[in-house]
Amino acid sequence: MLDIETLLILVATLTIFVAVMLAATYRKKNDRSAVYWIFGCLALAVGLFLVAARPIVSDWLGYAVAVILVTGSNLLFGNSLCYLADRDAPRDRLGEVALGIFSLVYCVAQYLGLHEVQHFMALVAMAAAALWAAFAARFAATRLKSKQLVVMQYLFIGSAVAWIVRLPAAYLFDFRIMNDPALVNSVILLASLAFGVLRNLLYLMVRISLAYETSLDRARTRQEHTRLQMLASLNALALARDNETGNHIMRTQHYARRTALRLRKLGHFKGELDDRKVSLIFDAAPLHDIGKVGIPDQILHKPGPLDEAEWAIMRTHTTIGESVLKAAGADVPVDDVISVAIRIAGCHHEKWDGSGYPRGLSGESIPLEARIMSLVDMYDALRSVRPYKRDWSHAEAAAEIIRRKGQFFDPKVVEAFEAEQDAFARMAREYRD
């Protein structure tokens with residue numbers, strides 16, 4: 001047979017150790033989840049110590065107070081799990097009221113010597129509290145998407161079942177409810193205590209996991225802030241040297257996003273144009289002409305058309321842009337905004353039939369984001385006033401782009417443009433210079 005008292009003392013000691021660990025790592029004053037779990041561990045440990053101390057302590061301490069503490073610990077654990085999932089979770093006032101009523105009935109039964117009623121109330125209360133904690137674990141698991149909390153839910157349910165089974169088992173095998181050394185009682189009690197130890201370990205695992213995720217989120221936030229600062233600096237650099245306006249940047253961004261979304265809606269490039277990729281294209285679009293920082297002023301700001309030699313120099317802005325962005329985003333992953341910007345800057349003047357520059361790429365060898373930018377950049381250039389040309393109407397610009405379908409532009413991208421013509425015209429008016 002198992003030494004029940006030694007087992008209870010061992011589990012109580014482990015429970016206090018968990019409480020001490022939580023207290024040592026407690027930092028936030030509003031971390032109510034940790035506070036409730038610490039007090040739950042302390043209540044459970046004291047209750048187990050009191051049961052183990054029988055018959056040294058009185059029945060009131062060894063049974064009545066112990067059962068109330070064990071029951072209350074589950075209510076505290078339940079509140080802890082609710083606050084873990086939602087820092088503004090309400091307290092379980094219904095459970096507290098029920099515990100108070102139970103305590104009164106339990107004490108009256110003990111005073112009158114109604115031990116069957118007393119034992120029945122004890123087991124029902126402890127089982128009900130464990131079930132409440134199981135529901136709280138389910139709530140937390142749903143909010144936090146945590147497998148550990150799902151397992152914890154079943155551990156609480158198992159603990160409740162173990163308490164419920166003890167009552168008929170006591171009558172069938174004739175043993176005392178709380179700390180009888182009979183084998184059946186020992187096995188059931190051992191299961192209940194094992195559930196409790198595992199719950200504590202899982203709670204610690206969940207808290208460690210959440211702390212790790214929080215640190216990752218902070219790192220991602222810092223990284224995103226750095227990325228946005230770098231993008232803002234590069235955008236400012238591009239605008240400082242280019243003869244375009246800020247509205248040109250906004251127009252091409254929105255044109256590119258609408259085109260990408262329409263392509264996806266039409267069933268084209270679904271694997272490539274997920275939400276993240278569309279967002280990256282939107283963020284990278286302003287950098288398509290950043291290579292113009294390396295073009296001499298007399299060419300970049302020439303009031304009339306460029307001659308052939310000047311055009312040769314102007315065309316180098318694509319490779320210059322690639323070089324600038326590669327220096328800014330060394331070793332970045334392929335799905336980073338700088339990588340997307342590199343492909344756009346270097347390839348947005350390539351043409352579907354291979355007649356573009358700087359490499360004469362054709363068809364799908366041109367990156368998709370560059371094929372999109374090629375169309376929207378030309379549309380905006382046609383709609384804009386230049387020293388050597390008037391601004392074209394939407395109908396004229398649209399007709400020219402459609403005429404170049406399969407020549408300059410990817411036919412699928414032109415199809416998306418045709419479906420979004422009204423949106424292009426509206427955005428041209430909304431963000432006009």
Name, by its number, the condition in (1) over 22 Å from SER339 (Cβ atoms); (2) modelled with pLDDT under 90; (3) of a type in the set (D, E, K, R) that does not hold for GLU308.
(2)
Filter result (in contact (Cβ under 8 Å) with a residue 60 or more places away in the chain and within 16 Å of ARG404 (Cα to Cα)) within segment 332-359:
HIS348
Of the conditions (1) at pLDDT below 85; (2) closer than 20 Å to VAL197 by Cα, the single one that PRO90 does not satisfy is (2)
Among the residues in segment 49-65, are any modelled with pLDDT under 70, under 30 Å from LEU210 (Cα atoms) and out of contact with any Lys or Arg (no Cβ under 6 Å at 6 or more places or on another chain)?
no
Scan segment 290-299 and give yes if some residue there is modelled with pLDDT of 90 or more, in a helix (DSSP H, G or I) and of a type in the set (Val, Ile, Thr), otherwise no.
no
Show the residue pairs that are 6+ apart or on different chains and have beta-carbon atoms under 7 Å apart, the first residue being within segment 10-21 and small (Gly, Ala, Ser), the second being surrounded by 15 or more Cβ atoms within 10 Å (Cβ to Cβ) and in a helix (DSSP H, G or I).
ALA12/ALA45; ALA12/LEU48; ALA12/PHE49; ALA19/ILE38; ALA19/CYS41; ALA19/LEU42
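Residue under question is PHE39, and the condition is that it be part of a helix (DSSP H, G or I), out of contact with any Asp or Glu (no Cβ under 8 Å at 6 or more places or on another chain), modelled with pLDDT of 85 or more and farther than 25 Å from ALA137 by Cβ; does it hold?
It is false that PHE39 is part of a helix (DSSP H, G or I), out of contact with any Asp or Glu (no Cβ under 8 Å at 6 or more places or on another chain), modelled with pLDDT of 85 or more and farther than 25 Å from ALA137 by Cβ.
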Mind listing whichever residues of segment 385-416 are outside any loop (DSSP other than H, G, I, E, B) and within 42 Å of the chain's Cα centre (by Cα)?
ALA398, ILE401, LYS405, PHE409, PRO411, LYS412, VAL413, VAL414, GLU415, ALA416
LYS351 is checked against (1) modelled with pLDDT of 95 or more; (2) part of a helix (DSSP H, G or I); (3) closer than 23 Å to LEU306 by Cβ and fails just one. What number does that condition carry?
(2)
I need the full set of residues from segment 360-384 which are in a loop (DSSP other than H, G, I, E, B), in contact (Cβ under 8 Å) with a residue 12 or more places away in the chain and out of contact with any Cys (no Cβ under 7 Å at 6 or more places or on another chain), in order please.
SER362, SER384
Test each condition in (1) out of contact with any Lys or Arg (no Cβ under 8 Å at 6 or more places or on another chain); (2) surrounded by fewer than 21 Cβ atoms within 10 Å (Cβ to Cβ) for LEU375 and report the one that comes out false.
(2)
I need a count of the residues in segment 190-223 that are among the small types (Gly, Ala, Ser) and crowded, with 19+ Cβ neighbours inside 10 Å.
2
Could you say whether any residue in segment 242-262 is in a helix (DSSP H, G or I), on the phi < 0 side of the Ramachandran plot and at pLDDT below 75?
yes
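The values are calculated or read from the model by the stated rules, or taken from the named source; none is laboratory data. Note that the coordinates shown come from a computational prediction; the quantities given were computed from them, not determined experimentally. Backbone-built Cβ (ideal geometry, glycine too); neighbour counts: all protein chains shown.
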